Amino acid sequence: AAERVQHQGLRAKIMSAEQAAEFVQHGMTLGIAGFTGAGYPKALPTAIAERAKAAHARGEEFKINMITGASTAPECDGVLAAANAVNFRNPFQSDPGIRNSINAGNIHYQDMHLSHVEQQIRNGFYGDIHVTIIEATGITADGKIIPSMGIGHNNEALKAAQKIIIEVNAKQNPLLETMHDVYFDIGTPPNRQPIPLVKPDDRIGSPYLECDLDKVVAVVLTDGFDRNSKFADPDENSKRIAAQIIDFFNHEVKAGRLPKNLLPLQSGVGNVANAVLAGLLDAPFDDLTGYTEVLQDGMLDLIIAGKMKSASATALSFSPDALQRFNDNIEFLRDKIVLRPMEITNNPELIRRLGVIGMNAMIEADIYGNVNSTHVMGTKMMNGIGGSGDFTRNAFFSFFVSPSVAKDGAISCIVPMVSHHDHTEHDVMFIVTEQGMADLRGKSPRQRAQLVINNCAHPDYRDMLNDYYARAEKAGGLHTPHILAEALSWHQRFVETGDMRIK
Ligand code: 0RQ
């Protein structure tokens, strides 16, 4: 694999992960690559975790602060959490180990809009970035870095770093070279210029990441797959949700309010979001485009099937089967997929300009259209807001999808008041469950409540919601009627009895 490091000076810096981990000390802030299980370092996290364990065994403190692109994997987030080696973590995670440590109060977690990460690194909001650790497919003779399956925040994490460690992963397909588009000229206010991207597949930058080569202290050779989580096959609920969204698109195209190839599609993480894209395979739309942060199996299959002509993303996050399809078809896919820094992919200016259709999954929505994407029962972190806020607020259409109930019906995903607010009533346009869709555009809170309860709630909870709403209308202000002492009682009942239904 050393031949993937063409630059002679960097080749001389090849060393083991254990040696490279010596550059990492207690208390440091690390920029760690990785975005939804793609492009994260495969070897350094374990080596850092071992250093932490050894330090703890000696009775010394060893914890780092880690800023990633988004979620990583068991061999990154997982091993560091297991070694109790993380003090602070942002901006998004989905690893059970990290999640449990966050919810146990052992890790300080900042859940944030992904579009903010790079500009906040650039402007020093996190203080010094002591070491940045990224993964690459290779390094060219002139020291340019060929990114791997995700770019995430690498561009800015490399620029801000005091020291840099590059893992070069021989498992990453060499044909990934030229699939990336790294835009360097975003600038700092008050001197920022418009970002010159006007179509989802425009290329406005360089296919390579660049850094100050003098800062590179180590190059580590690896040979490991990305996380490659498997998706559940779309179930009946997901198919019903997908069918309603597709019906709506059909209707809008017929009415002349949407182009025949729709508008650029964004799809969030998770099984339901992936199922919506799977539903588009059989829908009567061609020449689709994607503008999304994470490109999963569903979108890949649309491109391979010839239904989607191009897609822009910041990472490729595939199941093992989809990875195989990607590698088998990479010659065909190379000019159709473009991978960008998350600051560009999630950029509000671009999402608004392109008129993206945002489709994200949620934990729960309330009767007025506020959405909680992140917290279970208001207190426990699931994953994080990720890019859902960047897209929802700036989208042409913003959808939130979820089954109407969770945990075998013990939880209603439509509640009187959300137990945590991620997306406000001002941003959310459509709520879709397997029961139906609520089109909240141009409606007052009271008009919305009728639609959300009667179209989206599960029949087991509809009467309870109508009863709450009817009493709320007699309780106080009539703009957004609530009975404050009761608004979160459904959650409290679940915490106490394991069921939101009244026994
Ligand atoms: O838990 O696995 O223990 O059974 O949540 O739920 O229905 O499988 O849905 O996989 O689509 O994930 C919102 C978490 C949905 C995800 C969320 C429980 C449910 C199950 C998963 P189990 P499903 P999905 C782009 C945009 C935020 C980030 C985002 C997410 C588990 O989509 O993290 O959108 N989104 N990023 O049982 C308690 C409820 C529940 C509930 C579901 N009301 N209360 N538990 N669950 N509803 C990508 C990036 O930004 C990088």
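Read the figures in this text as sums done on the coordinates, not as results from a lab. All values derive from a computational prediction rather than experimental measurement. Neighbour counts run over all protein chains shown; Cβ positions are idealised from the backbone, glycine included.
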>> One quarter of the convex hull surface, Cα atoms only: what value does that give for segment 356-503 in nm²?
In response: 8.1
>> So for each of 251-264, 141-154 I average, over its residues, the number of other beta carbons within 10 Å; can you give me the resulting order with the highest mean first?
In response: 141-154, 251-264
> Roughly how many debye, to the nearest 20, is the charge dipole of segment 194-233 about its Cα centre, given +1 on each Lys and Arg Cβ, -1 on each Asp and Glu Cβ, and no other charges?
Replying inline: 120
> Can you list the residues, at least 5 places off or on another chain, whose amide H is less than 5 Å from the amide H of VAL86, using H built in the peptide plane?
Replying inline: ILE64
> Sequence-distant or interchain residues sharing an amide H contact under 5 Å with LYS380, placed H: which?
Replying inline: none
> Of PHE62, ALA1, PHE225, which is farthest on the positive side of the dipole of the chain, counting Cα position, with +1 on Lys and Arg Cβ, -1 on Asp and Glu Cβ, and the Cα centre as origin?
Replying inline: PHE62
>> I'd like the antiparallel share, as a percent to the nearest 5, of DSSP beta bridges with both residues in the chain.
In response: 25
> Over what distance in Å are the Cα centres of segment 236-255 and segment 157-209 separated?
Replying inline: 35
> How much of the DSSP beta bridge set in segment 124-210 is antiparallel, as a percent to the nearest 5?
Replying inline: 45
> How big is segment 161-288 on each of its three principal axes, counting only the C-alpha atoms and giving the largest first in Å?
Replying inline: 57, 40, 26
> If each residue's Cβ is checked for other Cβ atoms within 10 Å, how do HIS180, HIS108 rank with the fewest at the top?
Replying inline: HIS108, HIS180
>> Can you show me the helix-derived [θ] at 222 nm for the chain, built from DSSP H runs with n ≥ 4 at -39,500 (n - 2.57) apiece and divided by the number of residues, rounded to the nearest 500.
In response: -8000 deg cm²/dmol
> For VAL79, VAL86, what's the fewest-to-most ordering of other Cβ within 10 Å of each Cβ?
Replying inline: VAL79, VAL86
> What's the extension gain from LYS230 to ALA243 if we count 0.36 nm per residue and subtract their Cα-Cα distance?
Replying inline: 2.4 nm
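So how much slack lies between GLU473 and ALA1, counting 0.36 nm per residue of separation and subtracting their Cα-Cα distance, in nm?
Details: separation 472, 0.36 × 472 = 169.92 nm, distance 6.83 nm.
Additional length available on full extension: 163.1 nm.
Given contacts defined as C-alpha pairs under 8 Å and at least six residues apart, what's the relative contact order of the chain, whole-number percent?
Normalised by residue count, the contact order of the chain is 14 percent.
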> In nm, to one decimal, how far is the GLU61 label point from the LEU175 one, both placed 7 Å along Cα→Cβ?
Replying inline: 5.1
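Could you check what % of the DSSP bridge pairs in segment 333-437 are antiparallel, to the nearest 5?
45
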>> Taking the Cα centre as origin and putting +1 on Lys and Arg beta-carbons and -1 on Asp and Glu beta-carbons, what dipole magnitude results for the chain, to the nearest 20 debye?
In response: 640
> Could you put PHE23, PHE125, PHE35, PHE62 in order, starting from the residue whose Cβ has the fewest other Cβ atoms within 10 Å?
Replying inline: PHE125, PHE23, PHE62, PHE35
>> Just to confirm a number: summing +1 for Lys and Arg and -1 for Asp and Glu over residues other than MET299 whose beta-carbon lies under 13 angstrom from that of MET299, what do you get?
In response: +1
> How would you order 475-485, 350-360 from highest to lowest mean count of nearby Cβ atoms within 10 Å?
Replying inline: 350-360, 475-485
> How large are Rg and Dmax for segment 87-187 when only the alpha carbon atoms are used, in Å?
Replying inline: 15.3, 47
> Any idea what diffusion coefficient segment 200-354 gets from Stokes-Einstein, in µm²/s, Kirkwood Rh on alpha carbon pairs, 4 °C, 1.567 mPa s?
Replying inline: 76
>> What translational diffusion coefficient, to the nearest whole µm²/s, does the chain have by Stokes-Einstein, given a Kirkwood radius computed over alpha-carbon pairs, a temperature of 10 °C and 1.306 mPa s viscosity?
In response: 68
> On full extension of the chain, what length is gained from LYS407 through GLN450, given 0.36 nm per residue of separation minus the C-alpha to C-alpha distance?
Replying inline: 13.0 nm
> Could you name the lysines in cross-link range of LYS144, using Cα to Cα under 22 Å and dropping any fewer than eight places away on the same chain?
Replying inline: LYS13, LYS42, LYS159, LYS163, LYS171, LYS215
> Based on the Cβ-Cβ distance from GLU486 to GLN193, what FRET efficiency comes out when R0 is 35 Å, to the nearest 0.05?
Replying inline: 0.10
>> Between helix 459-472 and the chain, what is the angle of the helix's C-alpha long axis to the longest principal axis, kept within 0 to 90° and rounded to the nearest 10?
In response: 70
>> For LYS407, give me every one of the aspartates and glutamates with a C-alpha distance below 19 angstrom, ignoring sequence neighbours fewer than eight places off in its own chain.
In response: ASP233, ASP235, GLU236, GLU364, ASP366, GLU434, ASP460, GLU496, ASP499
